[in-house]
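What follows draws every value from the coordinates through simple rules; no lab data is involved. Being a predicted model, the structure only gives us computed values, none of them experimental. Note: ideal-geometry Cβ built from the backbone for every residue, glycine included; neighbour counts use all protein chains shown.
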């Protein structure tokens with residue numbers, strides 16, 4: 001879900017952050033360069049989950065299982081729905097500011113999981129930094 005949300009942000013960067021035309025090409029190019037990191041991280045996560053019997057306990061200790069993970073996902077999903085339900089047809093300066101706040105809130109809520117994953121799976125660090133850059137851009 002997070003990868004899809006980043007993809008949608010990149011695909012709609014002109015609409016999401018209309019005043020930053022200077023970075024549209026860079027955002028798209030950085031996104032393309034990041035694709036192998038998603039593939040590597042996904043592969044590493046699947047491998048650990050399927051081969052390491054202690055992975056469940058480690059994920060639980062880091063807050064990435066059970067109710068702790070459900071809470072983080074629930075918050076991310078709530079923020080995602082707020083962003084997706086934003087009316088694209090009524091984009092004004094005020095609406096643009098609201099949209100950027102919603103985008104920033106959504107991306108920031110992913111930190112609850114990304115921080116931990118980045119500490120275990122090095123490819124996640126580049127993904128987190130790309131996300132952090134988008135948050136910074138949306139904060140202007």
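Hey, what angle do you get for helix 66-84 against the long axis of the chain, alpha-carbon based, 0 to 90 degrees rounded to 10? Its long axis makes an angle of about 20 degrees.
The distance between label points at residue 67 and residue 97 comes to 4.0 nm (points 7 Å beyond Cα on the Cα→Cβ vector).
Spin-label model, residue 32 to residue 81: label points 7 Å out along the Cα-to-beta-carbon direction sit 3.7 nm apart.
Between helix 93-109 and the chain there is an angle of about 10 degrees, using the helix long axis and the longest principal axis of the Cα atoms. Cα centroids of the range 96-139 and the range 15-83: 9 Å apart. Sorting the segments 115-126, 50-61 by their mean number of nearby beta carbons within 10 angstrom, highest to lowest, gives 115-126, 50-61. Compared with the dominant Cα axis of the chain, that is its longest principal axis, helix 123-139 is turned about 30°.
Using every Cα-Cα pair within the range 2-139, state what percent have a distance larger than 23 Å.
Percentage above 23 Å: 39.
Take every pair of alpha-carbon atoms less than 8 Å apart whose residues are at least six positions apart; their mean separation over the length of the chain yields a relative contact order of 31 percent. Once the C-beta distance of residue 44 and residue 136 is scaled by a Förster radius of 30 Å, the resulting FRET efficiency is 0.65 to the nearest 0.05.
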